[in-house]
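Since the structure comes first, as structure tokens, the remarks are kept for the end.
The values are calculated or read from the model by the stated rules, or taken from the named source; none is laboratory data. Model, not experiment: these values are computed from the prediction. Ideal geometry is used to build each Cβ from the backbone, glycine not excepted, and the neighbour counts take in all protein chains shown. For accessibility, only protein heavy atoms count, side chains too; no ligands or nucleic acids. Shrake-Rupley method; radii C 1.70, N 1.55, O 1.52, S 1.80 Å.
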Amino acid sequence: MRLNVNGQAYEADVEPEMPLLWALRDFIGLTGTKYGCGIAQCGACTVHLDGEAVRSCTMPVSAAAGKRVVTIEGLSRDSSHPVQKAWLELDVPQCGYCQSGQIMAAAALLAKNPRPTDKDIDEAMTNICRCGTYQRIRAAVHIAAGTGKGGGSIIHMAADGAGADSVVAAADQTTNA
């Protein structure tokens, strides 16, 4: 199987129905893409296939033949992609396990919709985060998009010294949105 991954050609001697995830991790050695659920629900395995965010745990490697695959390792060589920079700025991850998939989903969203609303982000970001960092994820997407809404993370408002009344008001606004 001939694959184009992160701009590099690979020959993978694998069965055509093998999930792309395992070809990436076990045969090519790119372990940034994670296994989460194995049923395309959690999104930890998200990669780009010709610019589209796809769940690689259920996609047969044969579906990637002749297409461009981009993994978290190929998003940027030096973590300079705007989404990666925003993730670092807001300290988005807690455990970090799902974050490569989250970043890949966010990058695909911004490639299609460079100025997303909260609703756009909520609809596009269907990946699951066991640690519940959804507020920071949304804020980081806004920072990467330059929408000026990145400061909306309740956690970071508190960390930046916002008073309890401001944090509670922001939490109420988020809950009622």
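Summary of values
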read-out: Residue that is modelled with the lowest pLDDT [pool: residues in the stretch 88-120 that are buried (at least 18 other Cβ atoms within 10 Å of the Cβ) and outside any helix (DSSP H, G or I)]; value: P93
read-out: Selection status of S153, at pLDDT 95 or above and within 26 Å of Q41 (Cα to Cα); value: no
read-out: Selection status of A140, of a type in the set (A, V, I, L, M, F, W, C), in a helix (DSSP H, G or I), closer than 18 Å to G74 by Cβ and touching a helix residue (DSSP H, G or I) at 6+ places or on another chain (Cβ under 8 Å); value: no
read-out: Top-ranked residue in the stretch 7-35 [being open to solvent by 40 Å² or more (accessible area, probe 1.4 Å) and touching a residue at least 60 places away in the same chain (Cβ under 8 Å); ranked as nearest to Y97 (Cα to Cα)]; value: K34
read-out: Scan of the stretch 45-86 for residues that are open to solvent by 40 Å² or more (accessible area, probe 1.4 Å) and either without any contact (Cβ under 8 Å) to a residue 12 or more places away in the chain or part of a helix (DSSP H, G or I) (or both), ordered by number; value: S62, E73, R77, D78, S79, S80, P82, K85
read-out: Residue match in the stretch 121-134 (condition: at pLDDT 95 or above, part of a helix (DSSP H, G or I) and open to solvent by less than 20 Å² (accessible area, probe 1.4 Å)); value: yes
